[in-house]
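Undergrad: My questions will all concern the structure given below.
The values are calculated or read from the model by the stated rules, or taken from the named source; none is laboratory data. Owing to the predicted nature of the structure, the values given are computational and were not obtained by experimental measurement. Cβ coordinates were reconstructed from backbone atoms using ideal geometry, including for glycine residues, and neighbour counts include every protein chain displayed.
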Amino acid sequence: MNPTPIIDLHTHSNCSDGSLTPAALVERARGAGVDVLALTDHDTVAGLDEAQHAAVAAGLKLVPGVEVSASWRAQAIHVLGLWIDPGSPALRERLAAQAERRSVRMRRMCAALGKVGLPGDELLAAVLAQPGVPTRSHLAQALLSGGHIDRLDDAFRKYLGRGKAAHFNAEWPTLAEVVGWIRECGGVACLAHPGRYALSAGARRQMLADFVAAGGAALEVITGGNGAAHVEASARLAMTFGLSGSSGSDFHGPQQIWNPLGRLAKLPDGVIPVWRAYGL
Ligand code: AMP
Ligand code: MN
Ligand code: MN
Ligand code: MN
């Protein structure tokens, strides 16, 4: 491995809403010079076996991960579980329940789209025909393929974003519960993309305090596409709350040309890398 390995601890495959298979993701990461990669699909560990095999073949270190959907005061929060045990029966049971929440929410979203004049049943069928646990990205894709929108972002802007006709909060478990699940299977709980939640600065701090109280250990200080000001603010939060820092692109596929694998800023001095405890 390089003396300063290239580390990317947040990526998606087509087991959730990424566009590459787990094996293709690993190969692409290797091609991009990544030494350590976490596959962190939304609420599923289904891709980890395939990714692990590909990682051995490619000579890359795979960190088993997952990005779990949680709720804090009605806001959806994403918690990365890193170095989890994907074979844990307890974790698998919890994630099966998450998948069920996702399919219930997907039906509600499609029904709501039906009420605003879109073909709800057709859209649902188009979502279910795509691989992976169903996310809003799948529905956005179905809207695009059906010719109902001109670009993916319009799906969120017009229908699926907060306050829009087909936006529903799924009944996600609480932030504290999700942190507990991750710890229970030996994982490190890392709060993903802290700048992306619709929270005031004060509420964000309270959310982080609750995360720490529940046993959360890390904050994603570097996340794909974020500028220097964001990195500095997140680094300060990590240090204030005694969290280590993580770094991940949140890669969803090569079509998002602005967000490649492994091209991430250095963690600011003073932030303890979450991977240090793992000898990296
Ligand atoms: P879900 O977990 O089902 O609520 O879906 C969330 C996923 O939708 C995120 O992980 C992103 O991949 C995607 N997403 C959210 N907002 C947008 C947006 N404005 N444009 C494109 N993708 C988005
Ligand atoms: Mn996603
Ligand atoms: Mn996320
Ligand atoms: Mn993600």
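Undergrad: Just to be sure, is VAL179 closer than 24 Å to ALA99 by Cβ, β-branched (Val, Ile, Thr) and buried (at least 21 other Cβ atoms within 10 Å of the Cβ)?
TA: In short, yes.
Undergrad: Tell me, yes or no, whether the stretch 77-85 has at least one residue that is assigned by TED's automatic domain parsing to the domain that holds ARG183 and either more than 16 Å from ligand 4 (Cβ to nearest atom) or without any contact (Cβ under 8 Å) to a residue 60 or more places away in the chain (or both).
TA: Looking for residues that are assigned by TED's automatic domain parsing to the domain that holds ARG183 and either more than 16 Å from ligand 4 (Cβ to nearest atom) or without any contact (Cβ under 8 Å) to a residue 60 or more places away in the chain (or both), one finds at least one in the stretch 77-85, hence yes.
Undergrad: I would also like to ask the following. Checking LEU124 against (1) assigned to a loop (DSSP other than H, G, I, E, B); (2) crowded, with 18+ Cβ neighbours inside 10 Å: exactly one of these is not met. Which one?
TA: It fails just one condition, (1).
Undergrad: What tally of residues in the stretch 198-225 results from selecting those that are within 16 Å of ligand 2 (Cβ to nearest atom) and in a loop (DSSP other than H, G, I, E, B)?
TA: Taking the stretch 198-225 and keeping what is within 16 Å of ligand 2 (Cβ to nearest atom), we get 220, 223-225.
Subset that is in a loop (DSSP other than H, G, I, E, B): 224-225.
Residues flagged as within 16 Å of ligand 2 (Cβ to nearest atom) and in a loop (DSSP other than H, G, I, E, B) within the stretch 198-225 amount to 2.
Undergrad: Let me ask another. Being part of a loop (DSSP other than H, G, I, E, B) and hydroxyl-bearing (Ser, Thr, Tyr) is the filter; apply it to the stretch 4-52 and report the residue that is farthest from ligand 4 (Cβ to nearest atom).
TA: Applying the filter and picking the extreme gives THR4.
Undergrad: Is it the case that some residue within the stretch 86-100 is more than 16 Å from ligand 3 (Cβ to nearest atom), within 20 Å of ASP17 (Cβ to Cβ) and assigned to a loop (DSSP other than H, G, I, E, B)?
TA: yes
Undergrad: Okay, next question. Please find, within the stretch 25-37, the residue that is nearest to ligand 2 (Cβ to nearest atom) out of those that are touching a residue at least 24 places away in the same chain (Cβ under 8 Å) and out of contact with any strand residue (DSSP E or B) (no Cβ under 8 Å at 6 or more places or on another chain).
TA: Here the answer is ARG28.
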